Every structure is written in structure tokens, then in C-alpha cells.
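Presented below is the structure to which this report refers.
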Amino acid sequence: MLLASLVKDVACQMHVDESPKIPKGEIVLTNDSEIDEFLLSGQAAWPKQSRYWRLPPPKDEAVGQLMPGMFSMPDEYGMMPRMRVLDGWNPDINHIVPPFHPTCLSTRAKDSRFNLTASYSYEWNHWVHPDYPDKPYMVARNPGATIKFEMETQVGWIKMYSLKSKSFGLGTVKCWVDDDMDQSVKIEGWWDNGYA
């Protein structure tokens, strides 16, 4: 997506350039009307909003500044591209990226739709630090404690954020999706970083 943004920026900058880099001897444009005609001739099939246009000229000048058209049309806003930049080329025009609706679930969510609630819990408890009541946590104190959360995914990643501390006496948890314990990831609560 970053690369796509860069390509759009470069394309827009090329549209703004009033003196196109034309190889010598091929085309010689001598005035603004010829430049306009040259530029517009290649845009006949473009939507009107995508074509170049000129600002009204200032009082002391004969011709206004050349401006680029819109790179993306308003009816494309909010649409997912047919392919992702890093997924490689797929010539099948029926191939599309599945709809993607990211969701963030949290123990701190104000809206119940985004509240992180366990579907199963064994020896895990809801806990709030007395000095920080706006930061609730799920806490377990015994090895073997298990907690499960239900969530639906179509594409993308599941990320989990946890507290790390040097002095809180935090342990290590293993996290996995579905029954793939062999794909589990360890998250350590202790680190030697700072004073906390």
C-alpha cells in the first residue's frame, strides 16, 4: 500500500510538471496552446475529472498554471483494489481481495461490541490496578491457567498486546489459534528495560 501511495504521488507530480521531458527531435511545442493540445490529445479516453486543466491566468500573465486532474475518481474511494501490491501479479480479472473489516477488541473498550470478553476461562481473572483504574487486565497466577476468545477472521492477522515489566513479577503465556498448539507464540511478561 505504501508503494501504491508513492506511485500515485509520483504520477501526480508528473502531471503538475509544466515542461514535459520530451526527447529532442521528436516533438517541438512552442506555446501554451500547443502544450495543452498535446497533453489533452493523450487524455481523450480519460474521465473528465482526470484530465489536465488550467487555472485562470493572473492579471499580468496570459496563461494560467497547468493543473493535474484527479488520480482516483470519487466513486473509487473506499473500494479495495483488485490485488494487493505485495501479493504478486494475478492476470485473472475475476480475482479480488476478500472484503476486509479490521476490528480491535480491548478490555478497555467503551462500546460493548468491541469489548474483549473470554468465551472460556480457567483460573484467569479480571484485574484493575488501584492506581490505574482505566487499564483493566486479564490476570492468571497459576501455571496451566487457560483462557479462550472467539473471533472471526477472513484475512489478515491477529495481534495481542500485553504488559511487560521488570518489577511486577509477570510470567510467560503461550498463544495459538484454533487447535494449532504447534504454531504457538510465547509472550514474555518480564523484561530488563527501565525501572518498572
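The values are calculated or read from the model by the stated rules, or taken from the named source; none is laboratory data. Everything numeric in this text was worked out from a predicted model, so none of it was measured. Here Cβ is always computed from backbone atoms with ideal geometry, including for glycine, and neighbour counts include all displayed protein chains. To get the accessible areas, we keep the full protein, side chains included, count just its heavy atoms, and leave off ligands, DNA and RNA. Shrake-Rupley method; radii C 1.70, N 1.55, O 1.52, S 1.80 Å.
The table below lists the values:
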quantity	calculated
Residue selected from the stretch 158-174 under the condition within 25 Å of PHE114 (Cα to Cα) and of a type in the set (Ser, Thr, Tyr), by the criterion modelled with the lowest pLDDT	TYR161
The listed residue being part of a loop (DSSP other than H, G, I, E, B) and either open to solvent by 100 Å² or more (accessible area, probe 1.4 Å) or at pLDDT 85 or above (or both), out of VAL177, VAL155	VAL177
Among (1) under 26 Å from the mean Cα position of the chain (by Cα); (2) at pLDDT 85 or above, the one test that GLY144 misses	(1)
Long-range neighbours under 6 Å by Cβ, at least six apart or interchain, first residue within 20 Å of LEU2 (Cα to Cα) within the stretch 84-97, second open to solvent by less than 90 Å² (accessible area, probe 1.4 Å) and assigned to a helix (DSSP H, G or I)	VAL85/ALA4
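Residue-wise test of (1) of a type in the set (Phe, Trp, Tyr); (2) under 25 Å from the mean Cα position of the chain (by Cα); (3) open to solvent by 100 Å² or more (accessible area, probe 1.4 Å).
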site	(1), (2), (3)
LEU105	no, yes, no
ALA109	no, yes, no
LEU116	no, yes, no
TYR137	yes, no, no
VAL173	no, no, no
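Yes or no, residue by residue, for (1) touching a residue at least 40 places away in the same chain (Cβ under 8 Å); (2) surrounded by 12 or more Cβ atoms within 10 Å (Cβ to Cβ); (3) under 19 Å from GLU188 (Cα atoms):
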{"residue": "SER112", "(1), (2), (3)": "no, no, no"}
{"residue": "SER121", "(1), (2), (3)": "no, yes, no"}
{"residue": "ALA140", "(1), (2), (3)": "no, yes, yes"}
{"residue": "SER165", "(1), (2), (3)": "no, yes, yes"}
